[in-house]
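First up is the structure itself, then whatever we jot down about it.
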Amino acid sequence: MGIVSITACFRIRRWPQTIGKLTEDGVSSIGSSDERMHTARVRYEYSVNDISYTGKRLSPFIIRATGTRMAEWQKGGIQKHEGDCVTVFYNPALPHKSYLIVPTWTGIAGVFLLVAIPVFLIWFSI
């Protein structure tokens, strides 16, 4: 599973980009008031080869936190342009799949560590 995630991150980093329009920018709340979690919420429109699409994925990394600061922080990675225009990264084989933020080297390293540390601990506990 970890190798698949890391491979997907490298593939996504090579996706082409286009300019789209951010139509919704907010934070969603999930759960009851005692255990409420918050996540970034976006919606954007873009076109590839004269075909229009609507996207709602911010990043391949879904972050949920008890406060709204983390969701707002994650949206800071969006490449914004004049007005409501943003950079959209899309899958060239399936252009309806897109993100506003591609995985960074730090994010990929984090996934690697999340996979490697348990394997390392299990390996040396045997």
>> The conditions are (1) of a type in the set (Lys, Arg); (2) open to solvent by 70 Å² or more (accessible area, probe 1.4 Å); (3) under 16 Å from Thr23 (Cβ atoms), and Lys75 fails exactly one of them. Which is it?
In response: (2)
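Of everything in region 5-64, what is of a type in the set (Gly, Ala, Ser), within 16 Å of Ser98 (Cβ to Cβ) and surrounded by fewer than 16 Cβ atoms within 10 Å (Cβ to Cβ)? Give them in sequence order. Reasoning before the result, please.
First, pick out the residues of region 5-64 that are of a type in the set (Gly, Ala, Ser): 5, 8, 20, 26, 28-29, 31-33, 40, 47, 52, 55, 59.
Checking which are within 16 Å of Ser98 (Cβ to Cβ) leaves us with 8, 20, 40, 47, 52, 55, 59.
Listed by number, the residues that qualify are Ala8, Ser47, Ser52.
The values are calculated or read from the model by the stated rules, or taken from the named source; none is laboratory data. Everything numeric in this text was worked out from a predicted model, so none of it was measured. Here the Cβ is made from the backbone with ideal geometry for all residues, glycine too, and neighbour counts use every protein chain on show. To get the accessible areas, we keep the full protein, side chains included, count just its heavy atoms, and leave off ligands, DNA and RNA. Shrake-Rupley method; radii C 1.70, N 1.55, O 1.52, S 1.80 Å.
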